[in-house]
């Protein structure tokens, strides 16, 4: 495809990984992947600070805007997400951190599906153990 994408899984038994590229999800042989055409995702170099209780937290003022959707219904969460994306775009933000938690995974899946279709979103990436865990989704915003 000659497009940048986000690898979203580890290789399966056939050596294929799930890749998200421009809102399209594909199963691609791991051996066919090449380095990104553009710069690396800026969310990989997050600044961390320790809170008083010892938990790692991302510094809000220095790094990213955060939207906490834990405990919301899907409808409430999507509505708040739409407003946050509008606001972030108006303020020329380049990233957004969404906290949705795990729960039954319904909220997480709904949010990520919405992000995959949003015109505001350049790409999104699930958090890992170093960036908040899978209960967090990092969004890179595109320029309209």
Item to complete: Would you please state which residues of the stretch 1-20 a label at residue 134 would reach in this model, taking the label point 7 Å out along Cα→Cβ and a backbone N cut-off of under 16 Å?
Response: 7-12, 18-19
Worksheet entry | Chain lengthening between residue 83 and residue 8 when straightened (0.36 nm per residue, less Cα-Cα) | 24.4 nm
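Taking a ≥ b ≥ c as the square roots of the Cα gyration tensor eigenvalues, with a/c under 1.5 meaning rounded and otherwise prolate when a/b beats b/c, else oblate, which class fits the stretch 60-141?
Working: a/c = 1.56, a/b = 1.18, b/c = 1.32.
Because a/c hits 1.5 or more and a/b fails to exceed b/c, the stretch 60-141 counts as oblate.
Values quoted throughout were computed directly from the atomic coordinates according to the rules given, and no laboratory measurement underlies them. Keep in mind that what you see is a predicted model, and the values were worked out from it rather than measured. No Cβ is skipped: glycine too gets one built from the backbone with ideal geometry, and neighbour counts run over all protein chains shown.
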